[in-house]
Amino acid sequence: MSLVIGYGNSLRSDDGAGIAVAEAIAQWPGNEFRTIACHQLLPELAAELANEEIVIFVDAYPAHNREDVGIELRFLMPEAATLHPHSLTPATLLGLCQQLYGHHPKAYWLLIPGHEWHFSEQLSEATLAEVQQALWLIRNWNDQEALCTS
């Protein structure tokens, strides 16, 4: 089983894209993915990573214009961990997992372009389309894993 961690602020429109992905995956029948949806990455998530072979972090990034679409998939390596919650990134969380448990899972960062960041619980149409693409990629993970960029 693999872990998907979707994070962001679901009250800030497209910033909730990661959470939307995690919540959708949690509803899949016969799911081979465990999911966590959270507002931000916290140090205690290192314990969740310790028992996984693969983790996929899902978050939104600010698209600069309407043409700036396309999800990004990056392979992650652990970085030196800090214990300040607001400075935790997926890579530093991997570093914390390595430091505490002596190993870390294979990890990827799936970034979804966000176009609207105002107060709303709705994703923009452009980001919703990218969420659907992200869900397709994760559903077909074994075929897509080799396509990620470093």
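Values computed for the structure shown
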{"item": "Options Pro105, Pro78; residue that is modelled with pLDDT of 95 or more, under 16 Å from the mean Cα position of the chain (by Cα), closer than 19 Å to Leu3 by Cβ and not hydrophobic (A, V, I, L, M, F, W, C)", "result": "Pro105"}
{"item": "Members of segment 108-125 that are open to solvent by less than 50 Å² (accessible area, probe 1.4 Å), more than 9 Å from Ala17 (Cα to Cα) and not in a strand (DSSP E or B)", "result": "His115, Ser124"}
{"item": "Pairs where the first residue, in segment 86-107, is touching a residue at least 40 places away in the same chain (Cβ under 8 Å) and in a loop (DSSP other than H, G, I, E, B) and the second is small (Gly, Ala, Ser) and surrounded by fewer than 14 Cβ atoms within 10 Å (Cβ to Cβ), C-beta under 9 Å, 6+ apart", "result": "none"}
{"item": "Residue in segment 14-33 that is over 15 Å from Arg139 (Cα atoms), without any contact (Cβ under 8 Å) to a residue 60 or more places away in the chain and touching a helix residue (DSSP H, G or I) at 6+ places or on another chain (Cβ under 7 Å) present", "result": "no"}
{"item": "Residue list for segment 1-22, filter: closer than 18 Å to Tyr108 by Cα and modelled with pLDDT of 95 or more", "result": "Leu3, Val4, Ile5, Gly6, Tyr7, Gly8, Ala17, Gly18, Ile19, Ala20, Val21, Ala22"}
{"item": "Subset tally (residues that are in a strand (DSSP E or B) and farther than 22 Å from Pro62 by Cα) for segment 1-35", "result": "5"}
{"item": "Answer residue from segment 126-150, given it is of a type in the set (A, V, I, L, M) and at pLDDT 90 or above and is surrounded by the most Cβ atoms within 10 Å (Cβ to Cβ) among those", "result": "Ala134"}
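Quick grid of which residues meet (1) closer than 17 Å to Gln132 by Cα; (2) open to solvent by 30 Å² or more (accessible area, probe 1.4 Å):
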| position | (1), (2) |
| --- | --- |
| Ser13 | yes, no |
| Ala22 | yes, no |
| Trp28 | yes, yes |
| Gln40 | no, yes |
| Leu45 | no, no |
| Glu48 | no, yes |
| Asn51 | no, yes |
| Val55 | no, no |
| Val58 | yes, no |
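The values are calculated or read from the model by the stated rules, or taken from the named source; none is laboratory data. Predicted, not measured: the structure shown is a model, and the values here were computed from it. Using ideal geometry, Cβ is built from the backbone for each residue, glycine included, and neighbour counts are taken over all protein chains shown. In case anyone asks, the SASA skips ligands and DNA or RNA and just uses the protein heavy atoms, side chains included. Shrake-Rupley method; radii C 1.70, N 1.55, O 1.52, S 1.80 Å.
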